[in-house]
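Encoded as structure tokens, the structure appears first; notes follow it.
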Amino acid sequence: MEKDFRWRTMIKSIKQPEEFNLKNIFIGSEYIIPIYQRNYAWEKNEIEKLLNDIYDSNGRYYLGSLIVDEISPNTFSVIDGQQRLTTIFLLMMFFREETLSKKSLRFEAREKSNVTLNDLYETKKLDKDDFYSKEIIEGYDVIKDFFSVAETKNKEYKNLFKSKLSNILIIRIQV
């Protein structure tokens, strides 16, 4: 009888995967990129592929999964998906989404990356110097350039893109 009770208690404590859209993935949550994860390394091709996938989507579209470990209430260590999550964070910063907090994403052991994200959050333009993470600035610039080129073709492009963010989904899986 006690074994059965412990088994049911254990099953209840297992977190089920949760579905989030890009506008709410950061609400009330903080994500920490642990030291064993590589630096942010997505380049123009990967970033533009993600942006084009979002723009070309019709209705609900799944970007994939985010594997995390909850290290304290609403604070998650990112096990898999950090490149995508960091790019999404940069995209939300570009749009100045109200759902984003300065503390939504940080690196456990890369102070240069944290300073870069923090200063990008405060302002849209940073110089590429030794004080900042060149890769993060370049990622942000790819997003900025993507929309500046698109807007010259169609002034409503940015608004249409933003309207799709609620339908772009990511599955957060806790281990």
- Item | So TYR40, is it in contact with a helix residue (DSSP H, G or I) (Cβ under 9 Å, 6 or more places away or on another chain), over 14 Å from ILE173 (Cα atoms) and either modelled with pLDDT under 95 or open to solvent by less than 40 Å² (accessible area, probe 1.4 Å) (or both) | yes
- Query: Where residues in the range 138-157 are modelled with pLDDT of 80 or more and over 19 Å from GLU46 (Cα atoms), which of them is surrounded by the most Cβ atoms within 10 Å (Cβ to Cβ)?
  - Reply: TYR157
- Note on the structure: For the range 123-137, the count of residues that are open to solvent by 70 Å² or more (accessible area, probe 1.4 Å), out of contact with any Lys or Arg (no Cβ under 8 Å at 6 or more places or on another chain) and not in a loop (DSSP other than H, G, I, E, B) equals 1
- Item | Leading residue by the ranking (nearest to LYS144 (Cα to Cα)) among those in the range 66-92 that are open to solvent by 40 Å² or more (accessible area, probe 1.4 Å) and touching a Gly at 6+ places or on another chain (Cβ under 8 Å) | ARG84
- Item | Those residues of the range 158-170 which are open to solvent by 30 Å² or more (accessible area, probe 1.4 Å), over 11 Å from ASN21 (Cβ atoms) and touching a residue at least 24 places away in the same chain (Cβ under 8 Å), in sequence order | LEU160, LYS162
- Message: When the residues of the range 19-34 are narrowed to those that are in a loop (DSSP other than H, G, I, E, B) and in contact with a strand residue (DSSP E or B) (Cβ under 9 Å, 6 or more places away or on another chain), which ends up farthest from TYR61 (Cα to Cα)?
- Response: PRO34
- Task: Identify all residues within the range 43-65 that are in contact (Cβ under 8 Å) with a residue 24 or more places away in the chain, loosely packed, with under 14 Cβ neighbours inside 10 Å and in contact with a strand residue (DSSP E or B) (Cβ under 8 Å, 6 or more places away or on another chain); write none if there are none.
- Result: ARG60, TYR62, GLY64
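The values are calculated or read from the model by the stated rules, or taken from the named source; none is laboratory data. Small disclaimer: the values here were computed from a predicted structure and weren't measured. Cβ coordinates were reconstructed from backbone atoms using ideal geometry, including for glycine residues, and neighbour counts include every protein chain displayed. Heads up: the accessible areas ignore ligands, DNA and RNA and are worked out on the full protein's heavy atoms, side chains in. Shrake-Rupley method; radii C 1.70, N 1.55, O 1.52, S 1.80 Å.
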